[in-house]
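J.: Just passing along the structure, written as structure tokens.
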Amino acid sequence: MQAKAMLSRAPGGADTLRWEDIAMPEPGPGEVRVAVQAAGVNYPDTLIIRDLYQFKPPRPFAPGGEMAGVIDAVGAGVEGFAPGDRVLALTLFGAFASHVAIPAKAAIRFPDAMPFETAAAFIFTYGTSYYGLHRRGNLARGETLLVLGAAGGIGASAVELGVAHGARVIAAVSTPEKAAFARELGAETVLKYPADMDKTGQKTFGSALKQAAPDGIDVIYDPVGGPYAEPALRAIGWEGRYLVVGFPAGIPALPWNLPLLKSCDIRGVFWGAFTEKNPGSYQLDQAALFDFYNSGAIKPRLSQVLPMTEASRALQAIETRRALGKIVLTVPS
């Protein structure tokens, strides 16, 4: 019996991936095998296939850092899971496949009412944003939150969670279509910035931020980086918290007198390391997120659901920042 996977055989872009036969993975001790039903697409997937991610798996490998499916085999010593269980998991890589073997401790049961496509788009973005806003940002009810890149998967989850936390959310996006999407998510104020931010654009964006939050912004959630960071930092309030999440627009060079003048914090949000270093807190966060989902406070917005054979198309949309919310891939029958 064979499995299928979208393989990366050499460093390169999304067009280098191929849907190929692979040996059926067998679960080792402490592992379960999952028949993948759906896999979420995230920005790190575009980096790992180019060897630009901090972790470089041996080739050939399939990208894909999160998935949902059904356990169809269990390895020796596994307790608490059985074939037929519906689970989601973070995989780092390997999820763009028909089957994947994962440590049983990485498998997370999800509500029966949650579709596979939703489950596959759930834990990476909401987990990152909950950790960022709740644990790193200490976001409090009534505070002002700015979310850059508010229409992408990570940004959209931060908008929703900001609203759920009772914050006043300012969403910053690059197109009218994304602005409408951010309003649907619950953002109170939506600002449009140029897709290519030059010095003039930075000043215009900075002025708009200061008009929207004349007393300063309490928490800034930045999964974009690049030239968008400085005008945002200039608009931060006294003792504000600037959350560094990612750099699809590049790593910014910031004037370091600003944190001194604002007495503000710049805090990293490395959720992947947090899940490994603090598994107990990670489990508490999972429970909180499922409570938010069950209450209707959060729900992944799936802009596209594509067959896994079209992974290249999905990754290109993420890489060029065209995606609204999340893109999910499903395994062809």
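J.: List the residues, sorted by chain then number, that are 5 or more residues from Tyr193 or on another chain and whose placed amide H is less than 5 Å from its amide H.
T.: Counting only residues 5 or more places away or on other chains, the set is Val173, Ser174.
J.: As a test of reading the structure, rank Val244, Val87 by solvent-accessible area (1.4 Å probe, protein chains only), most first.
T.: From most exposed to least exposed: Val244, Val87.
J.: Among [x] 20.0, 64; [y] 21.7, 70; [z] 22.6, 80, find the value of Rg and Dmax of the Cα atoms in Å that was calculated from the structure presented, and write down its label.
T.: Answer label, from the structure shown: [x].
J.: Could you order Asp198, Asp222 so the one with the most accessible surface comes first? Probe is 1.4 Å.
T.: If we order Asp198, Asp222 from most to least accessible, we get Asp198, Asp222.
J.: Taking only pairs that are 8 or more places apart or on different chains, how many Lys pairs in the chain have Cα atoms under 20 angstrom apart?
T.: Number of lysine pairs found: 10.
J.: Sort out for me the Cα centre separation of region 268-333 from region 17-31, rounded to whole Å.
T.: Computed from Cα coordinates, the inter-centre distance equals 22 Å.
J.: Right, another one. Taking the Cα-to-Cβ direction at Arg267 and at Phe247 and moving 7 Å from each Cα, how far apart do the two end points lie in nm?
T.: Result for the modelled spin labels: 2.1 nm.
J.: Any idea what the dipole of the chain comes to, in debye rounded to 20, about its Cα centre with Lys/Arg Cβ at +1 and Asp/Glu Cβ at -1?
T.: 640 debye
J.: Additional query: Could you calculate the contour length gain from Asp21 to Glu79, that is, 0.36 nm times the residue separation minus the distance between their Cα atoms, to one decimal place in nm?
T.: Answer, rounded to one decimal: 17.8 nm.
J.: Out of residues 5 or more away from Ala167 or on other chains, whose amide H comes under 5 Å of its own, with H placed 1.01 Å from N in the peptide plane?
T.: Amide H to amide H, under 5 Å and 5 or more residues apart or across chains, Ala167 pairs with Gly142.
J.: In whole Hz and in residue order, list the ³J(HN,Hα) couplings for region 81-97 that follow from phi through the Karplus curve 6.51 cos²θ - 1.76 cosθ + 1.60, θ = phi - 60°; x for Gly and Pro.
T.: Per residue, the Karplus-derived 3J(HN,Hα) values read 10, 8, x, x, 5, 8, 9, 10, 6, 8, 10, 6, 8, x, 6, 7, 7 Hz.
J.: Taking the Cα centre of region 41-112 as origin, work out the dipole magnitude from +1 charges on Lys and Arg Cβ and -1 charges on Asp and Glu Cβ, in debye rounded to 20.
T.: That gives region 41-112 a dipole magnitude of about 240 debye.
J.: In addition: Can you give me the span-like helices of the chain, meaning DSSP H runs with 15 Å or more of Cα extent along the axis and Kyte-Doolittle mean at or above -1.0?
T.: 153-164, 199-212, 279-295
J.: For the ranges 271-284, 154-167, what's the packing order if you count other beta-carbon atoms within 10 Å of each residue, average per peptide, and put the highest first?
T.: Top to bottom by mean Cβ count within 10 Å: 154-167, 271-284.
J.: So which chymotrypsin sites (Phe, Trp or Tyr not before Pro) in region 32-98 are both in a DSSP loop and have at most 12 other Cβ atoms within 10 Å of their Cβ?
T.: Phe55
J.: While we're looking at this one, here's another question. Calculated FRET efficiency, Val70 and Thr320, Cβ-Cβ r, R0 41 Å, to nearest 0.05?
T.: Computed FRET efficiency for Val70 and Thr320 comes out at 0.80.
The values are calculated or read from the model by the stated rules, or taken from the named source; none is laboratory data. Here the structure is a predicted model, which means the values were calculated and not measured. Here Cβ is always computed from backbone atoms with ideal geometry, including for glycine, and neighbour counts include all displayed protein chains. To get the accessible areas, we keep the full protein, side chains included, count just its heavy atoms, and leave off ligands, DNA and RNA. Shrake-Rupley method; radii C 1.70, N 1.55, O 1.52, S 1.80 Å.
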